[in-house]
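Below: the structure, in structure tokens.
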Amino acid sequence: MRLKTKLVLAITGLVFVMVTVLSILYLSQLLHQQVEQSFSSNDILAHQIVFATRHALEIGFKNHPVDSKHPEELRKSVAVSLREDQGLSAMLNSVIRYSPTVFDISIADWNGLILVSTDVGQNDQPVPPRPDFSEMRNGTLVHLIQAVFGKPRVYDVSLGAERNGEREQNGKPFLTVRIGIRSSFLSNSFQPWLIGAFTFSGVAILGALLVSAFVANLALQPLTQISERLDAFAQAEMTGELESGYSSDAVVQVSYKIERLGRRMRNVEEVFSALKENLDQIMTNLEDGILLFTRDARAVLVSDSVERFLGMGRNQILGVEIHEIFDRTTVLGSTVRDAFDAGVSIVQEEITTETGRRVQISLDFIHDDHQADRRQTLGALLTLHDLESVREIESELELSRRMAAIGRLTSGVGHEVKNPINAIVVHLELLRNKLDGSDDRALRHLEIIQSEIQRLDRVVQTLVDFSRPVELQLQEQDLREVVSSVLLLASAEFETRDVQVTSLLPDSPVLAKIDSDLMKQALLNVVLNGAQAMADGGKLEVKLNADGRIATISIRDHGEGIPEEIRQKIFDLYFTTKRDGSGIGLAMTYRILQLHNGQVDVQSQPGKGTTFVLALPLSNVTDVRLRNFLPTGTALSKEPRG
Ligand SMILES: Nc1ncnc2c1ncn2[C@@H]1O[C@H](COP(=O)(O)OP(=O)(O)OP(=O)(O)O)[C@@H](O)[C@H]1O
Ligand SMILES: [Mg+2]
């Protein structure tokens, strides 16, 4: 129901109740007054009749003396006296004629038989049973209203008359004067008044309806105004023009306040959403696993990396209770749960998980500083810190730093060495011209010096090339094409070495952002090594795989394998075990993979064969660190010692 309708109904209801109550009070008062008035006037009349009756009896007894010992005679004489008395009958007749309320008058004897009545037919009959008028005098309002609107009845006002101041037999009065009064006298005088009262009430209620509607309108007008101002405010917010100012009108002031509140709320909302965005970003990029628990142990803030520690996604954990997240049967789970249940903080405690991973745990309980009871916590913050990955990052950083320093050093040295080499070459030529073929032995020495100088020049050139910063030409490429073209390039080598190649490539494209020339070079080096490792020929298997985040190319040969003692060195620049090898191949492969945020893994069994795995992030992966993707337990690539 609308507020306005409610208000109108309430006011109307109130007016209705008030009108009704007042009307009832007034009516009851008026009816009682009327009844009282009627009683007193008829009581006076009864007294007058009693007086007239006594007078008539006095005269009657004087004219016809009677022996009061004989009741029959006495009755007869009394009846005759009363009936013959002119004054009495005149009085009774005039009352009947002119009084609107009197129905009949009768005088009865001590036995209840009528002696004289205005209704002649009643003479010598017993008094008709009628209710006493006092019933009406003491009656309730309902009683009175029944008398007004119900069936007309006759009520008696009676008065006893004694003879010589004595009561007759059985204490009954000698004579009784009864005046029958019609109840209709009430309806006659009250009905028009009551109809008027009802009409008035109706009009009053109708008026109240109108007035209340008007009042409701008036009362609700400020609300409508506020609502209009809010609409205008919302409109202005959109268009950017907001009028402001001061008014003494309370409504306008209230709406200004609402405007200001709205603006403040909007600001808070903006700050809050910016904060939330920042927090989400932080939570996504955090290396550490962070879980914030509420007082009732539910996780409300979870960093993405928690998945690495718990194997559960962030969305699986949010809103879940701590005992559902951490399993007591695991080292990590029991450490966290024990501390949490006991309400004890954990300060950088190191544990080793079932998979051998070393994790540092911190648990802090957050207390409300404003609360007197400091034991009451607001929640808890759990931090999981991966010690392995920290170490790896540190060593990777160190490696990059060293590589950069070596690069700078080698290019500097190379430059410095190349100039004297050039000078030596020039002077050697001059020396050769001066000797002019005169001394054969000296010329042979010269040639040896020249060929060694050329070898030195090549070494220095490789060193400079290798350490020069490379600018990658990254393009999205299908790795299947890279693999196929490398196998084609090496096909001649396979043929001469009697190597059968099997390649397993996925059906759908495996896209990665790579410098395809460099990547082909990297793969070619490994493929050629594989072929070269099988002196008597054999099978070489090349497999390309994509698992959603990374692509792996594995190259497996069934050659001699790599002895344990040199496995650490194979990625080193210039390390070779081959007679005509340069030892650049794997160092280059390692570097190229590193430039692509990839890595090289090697597993080998001497005498049985070797498997190299090149891993690369796929195009759709933004987090390019592969460390977390490779299965645990595999030996990671060794850093080259340049
Ligand atoms: N598949 C393999 N099986 C056995 N040993 C290998 C294999 N791949 C590499 N090696 C070992 O690692 C060494 C270094 O290899 P790398 O490719 O860097 O140099 P290289 O092959 O000797 O010379 P280059 O490739 O420069 O011609 C090799 O000399 C060899 O001893
Ligand atoms: Mg090689």
If you check Leu511 against the conditions, is it open to solvent by 20 Å² or more (accessible area, probe 1.4 Å) and away from ligand 2 (no atom under 16 Å from the Cβ)? yes
Determine which single condition Arg567 fails, assuming it passes every other condition in (1) within 28 Å of Pro617 (Cβ to Cβ); (2) more than 8 Å from ligand 1 (Cβ to nearest atom); (3) out of contact with any Pro (no Cβ under 7 Å at 6 or more places or on another chain); (4) open to solvent by less than 20 Å² (accessible area, probe 1.4 Å). (4)
Quick one: would you say Ala531 is touching a strand residue (DSSP E or B) at 6+ places or on another chain (Cβ under 6 Å), within 16 Å of ligand 1 (Cβ to nearest atom), farther than 30 Å from Asn419 by Cα and open to solvent by less than 40 Å² (accessible area, probe 1.4 Å)? yes
Give me the residue from segment 551-562 that is open to solvent by 20 Å² or more (accessible area, probe 1.4 Å) and in contact with a helix residue (DSSP H, G or I) (Cβ under 8 Å, 6 or more places away or on another chain) and, out of that set, nearest to ligand 2 (Cβ to nearest atom). Glu560
Selection within segment 580-608 - within 16 Å of ligand 2 (Cβ to nearest atom) and under 16 Å from Val486 (Cβ atoms): Gly585, Leu586, Met588, Thr589, Ile592, Leu593, Val600
Quick one: which residue in Arg549, Arg468 is among the basic types (Lys, Arg) and touching a Gly at 6+ places or on another chain (Cβ under 8 Å)? Arg468
Flagged in segment 575-598 as more than 8 Å from ligand 1 (Cβ to nearest atom) and not in a loop (DSSP other than H, G, I, E, B), in numbering order, are Tyr590, Arg591, Ile592, Leu593, Gln594, Leu595
Filter result for Val331 (touching a helix residue (DSSP H, G or I) at 6+ places or on another chain (Cβ under 9 Å) and β-branched (Val, Ile, Thr)): no
Out of curiosity, is Arg458 assigned to a helix (DSSP H, G or I) and without any contact (Cβ under 8 Å) to a residue 40 or more places away in the chain? yes
Qualifying positions in segment 27-61 - touching a residue at least 12 places away in the same chain (Cβ under 8 Å), open to solvent by 50 Å² or more (accessible area, probe 1.4 Å), under 24 Å from Val142 (Cβ atoms) and not charged (D, E, K, R): His32, Gln34
Near pairs, Cβ below 6 angstrom, 6+ apart or cross-chain, from segment 563-579 (within 13 Å of ligand 2 (Cβ to nearest atom) and acidic (Asp, Glu)) to any residue that is modelled with pLDDT under 95 and in a loop (DSSP other than H, G, I, E, B): Asp572/Pro640; Asp572/Arg641
Which condition number does Glu350 fail, the rest of (1) open to solvent by 50 Å² or more (accessible area, probe 1.4 Å); (2) without any contact (Cβ under 8 Å) to a residue 24 or more places away in the chain; (3) in a strand (DSSP E or B) being met? (2)
For segment 377-384, indicate whether the set of residues that are open to solvent by 60 Å² or more (accessible area, probe 1.4 Å) and in contact with a His (Cβ under 9 Å, 6 or more places away or on another chain) is non-empty. yes
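The values are calculated or read from the model by the stated rules, or taken from the named source; none is laboratory data. These numbers were taken from a predicted model, which means no experiment stands behind them. So basically every Cβ, Gly included, is an ideal-geometry build from the backbone, and we count neighbours across all protein chains shown. Quick note on the areas: whole protein, heavy atoms, side chains included, nothing else; ligands and nucleic acids left out. Shrake-Rupley method; radii C 1.70, N 1.55, O 1.52, S 1.80 Å.
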